[in-house]
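Once you've had a glance at the structure underneath, I'll fire off some questions.
The values are calculated or read from the model by the stated rules, or taken from the named source; none is laboratory data. Because the structure is predicted, anything quoted here is derived from the model rather than measured. Cβ: placed from backbone, ideal geometry, glycine included. Neighbour counts: every protein chain shown.
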Amino acid sequence: MQNEDPRSTIVAMCHNFYTQGWVSGTGGGMSVRHGDRVYMMPSGVEKEKIRPEDIFVLDLEGKVLEPPTNPDLKLTECASLFFSAYRMRAAGAVMHSHSANLVLATMLAERRDGFLSELEFTEFEMIKGLEGHRLYDVFRLPVIDNAAHEYDLTEQLQEAIRRYPHTCAVAVRNHGVYVWGPTASKTKTHAECIHYLCELMLRMRELGIREHRREA
Ligand SMILES: [Zn+2]
């Protein structure tokens, strides 16, 4: 996937995410870094209809190098959040999901430290899909508070990235999640694993299952 034209990668991934209900209602987004160029979605578009020519090309400072062919399109409000993962984690791609399961899972996160709370996962096979995590490791997904505008989340997201050096994602309460990885392909895998883990957590609550860990 990384050898593909980044525009085609974004289009393919948006279609994939749309079919999973992660980017419906024009929510969510996707961005790919290719060398010193960043490819990013426009704001408020239907993700299942996105075309390669609708995508912005920026430099690493966030300056627009190539706008979309349609002059009415505006850059996503997620830009500063995507750039936070590029700059602080050397990400190769970042996705943003509004998945209903993920939003429900954020409501289960207890506030621990001011704006920040977390969801904790361990001993699920799918943790191994998250880079740097083995089965018995604990994956901690930070959850920050929501804000009226996407770009107002930037400071909180950066603080969560600093405090959780092993995370590849930051969730936003009642909103969704930002997920990144070293490549677009790995970002997709991370996103699939995190959505799967959150769905498992919800199903466990529904079924009244409390214990899933090995005997100490
Ligand atoms: Zn959003």
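For the stretch 60-99, name all the residues that are within 16 Å of the ligand (Cβ to nearest atom) and not in a loop (DSSP other than H, G, I, E, B).
Leu75, Ala79, Ser80, Leu81, Phe82, Phe83, Ser84, Ala85, Val94, Met95, His96, Ser97
Hey, another quick one. From (1) out of contact with any helix residue (DSSP H, G or I) (no Cβ under 6 Å at 6 or more places or on another chain); (2) surrounded by fewer than 18 Cβ atoms within 10 Å (Cβ to Cβ); (3) modelled with pLDDT under 95, pick out the condition that doesn't hold for Thr76.
Thr76 satisfies all of (1) out of contact with any helix residue (DSSP H, G or I) (no Cβ under 6 Å at 6 or more places or on another chain); (2) surrounded by fewer than 18 Cβ atoms within 10 Å (Cβ to Cβ); (3) modelled with pLDDT under 95 except (2).
Being aliphatic (A, V, I, L, M) and touching a residue at least 24 places away in the same chain (Cβ under 8 Å) narrows it down to one residue among Val103, Val64, Val138, Val57; which is it?
Val103
If we scan the stretch 100-110, do we find a residue that is buried (at least 20 other Cβ atoms within 10 Å of the Cβ) and either part of a loop (DSSP other than H, G, I, E, B) or more than 15 Å from the chain's Cα centre (by Cα) (or both)?
For the stretch 100-110, residues buried (at least 20 other Cβ atoms within 10 Å of the Cβ) and either part of a loop (DSSP other than H, G, I, E, B) or more than 15 Å from the chain's Cα centre (by Cα) (or both): absent.
Here's a check for you: in the stretch 168-199, which residue that is small (Gly, Ala, Ser) and in a helix (DSSP H, G or I) is nearest to the ligand (Cβ to nearest atom)?
Among residues in the stretch 168-199 that are small (Gly, Ala, Ser) and in a helix (DSSP H, G or I), the one nearest to the ligand (Cβ to nearest atom) is Ala191.
I'd like to check something: does the stretch 12-19 contain any residue that is within 19 Å of Thr183 (Cβ to Cβ), aliphatic (A, V, I, L, M) and within 14 Å of the ligand (Cβ to nearest atom)?
No.
Away from the ligand (no atom under 16 Å from the Cβ), surrounded by fewer than 18 Cβ atoms within 10 Å (Cβ to Cβ) and among the aliphatic types (A, V, I, L, M): which single residue out of Leu202, Leu130 fits that description?
Leu202
What do you reckon, is Gly27 closer than 17 Å to Val172 by Cβ and either more than 16 Å from the ligand (Cβ to nearest atom) or assigned to a loop (DSSP other than H, G, I, E, B) (or both)?
Considered against the rule, which asks whether it is closer than 17 Å to Val172 by Cβ and either more than 16 Å from the ligand (Cβ to nearest atom) or assigned to a loop (DSSP other than H, G, I, E, B) (or both), Gly27 comes out as yes.
To continue, here is another question. Out of all the residues in the stretch 150-167, is one or more within 13 Å of the ligand (Cβ to nearest atom) and of a type in the set (Phe, Trp, Tyr)?
yes
Separate question: Can you report the number of residues in the stretch 30-50 which are in contact with a Ser or Thr (Cβ under 9 Å, 6 or more places away or on another chain), outside any helix (DSSP H, G or I) and either more than 19 Å from Thr189 (Cβ to Cβ) or modelled with pLDDT under 95 (or both)?
So the answer is 9.
For Glu123, are the conditions met, namely being more than 30 Å from Pro42 (Cβ to Cβ), charged (D, E, K, R) and either within 16 Å of the ligand (Cβ to nearest atom) or in contact with a His (Cβ under 8 Å, 6 or more places away or on another chain) (or both)?
yes
Ala147 versus (1) touching a Lys or Arg at 6+ places or on another chain (Cβ under 8 Å); (2) within 16 Å of the ligand (Cβ to nearest atom); (3) part of a loop (DSSP other than H, G, I, E, B): which is the lone unmet condition?
For Ala147, the exception is condition (1).
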